[in-house]
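Asks: Before we start, here is the structure in question, set down as structure tokens.
Computed from the coordinates by the stated procedures, all read-outs in this text should not be read as laboratory data. The structure displayed is predicted, hence computed values, not measured ones. Ideal geometry is used to build each Cβ from the backbone, glycine not excepted, and the neighbour counts take in all protein chains shown.
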Amino acid sequence: MSHELLILRHAKSDWDAGVGDFKRPLAKRGNRDAPRVGEWLYREGLVPDLVISSPAQRARQTTEKVCKSMDYKKKKIQWNDGVYAADAPKLLRLLRRCPPEARTVLLVGHNPGLEDLVRYLAGDEVDEQRDGKLLPTATLARLEIPADWNALAAGCAQLIAITRPRNLVD
């Protein structure tokens, strides 16, 4: 039986906040989009068994808002410093350590690492978007992956969908 990997780029951040990259908070649009993503995941029955997130402020706020909308307990979130500014190989090493009982995992982080990870796992199944952005802010990639987290390899996943916040119906 397969597992699912949900890859979510953090919601829109506030570039005018006057703080460093790690401490940059969500913008107004990000504060609106993040709960919508969580509500959609909940309605679709995609509440994860495990949530792993970058601890950067914009990712943290995104994760907390998404999880609150799914009724996923905040204390169960795994904040992982390794997700911040991670490339695809680093993210793969992190995912390979997921417990076998975690059938659905939500990974919240940053580009370009997340986009590179989706392209690596899904291979030729990834259709490039017209705007050139595979995962703009608050966009979710849903992949079916092997049941063994250690079996993650190039082209092993089936891309089920890429869902952008503007396409979510309230």
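Asks: Consider the candidate values (i) 9.2; (ii) 12.2; (iii) 21.6; state which one is mean projected area of the Cα convex hull in nm² computed from the structure displayed.
Replies: Matching the structure shown: (i).
Asks: Can you tally the net charge around residue 161? Count Lys and Arg as +1, Asp and Glu as -1, for every other residue whose Cβ sits under 13 Å from the Cβ of residue 161. Intermediate values should be presented prior to the final figure.
Replies: Working: positive: 142, 164; negative: 4, 44, 125, 127, 144.
The answer is -3.
Asks: Quick check on the chain: helices-only [θ] at 222 nm, where DSSP H runs of length 4 and up contribute -39,500 (n - 2.57) each and the sum goes over total residues. Nearest 500, please.
Replies: Calculated mean residue ellipticity at 222 nm is -9000 deg cm²/dmol.
Asks: Over the chain, with a Gaussian network built from C-alpha contacts below 10 Å, which listed residue (43, 32, 119) shows the highest mean-square fluctuation?
Replies: With Cα springs under 10 Å in the chain, the top fluctuation among 43, 32, 119 is at 43.
Asks: Also, quick follow-up: Using modelled amide H (1.01 Å from N, peptide plane; none on Pro or chain starts), what sits under 5 Å from the amide H of residue 26, excluding residues fewer than 5 places away?
Replies: For residue 26, whose amide H was placed from the backbone, the distant partners under 5 Å are 14.
Asks: Taking Cα pairs under 8 Å and at least six residues apart, what relative contact order does segment 3-167 come out at, in percent?
Replies: On the way: 341 pairs, mean separation 50.1, N = 165.
Rounded, it is 30 percent for segment 3-167.
Asks: Taking the highest mean first, how do the peptides 76-87, 58-69, 6-17 order by number of other beta carbon atoms within 10 angstrom per residue?
Replies: 58-69, 6-17, 76-87
Asks: Pairs of lysine in segment 44-146 with Cα under 26 Å and at least 8 positions apart or on different chains: total?
Replies: 11
Asks: At what distance in nm do the modelled label points of residue 124 and residue 42 sit from each other, each positioned 7 Å from its Cα along Cα→Cβ?
Replies: That separation, rounded to one decimal, is 4.1 nm.
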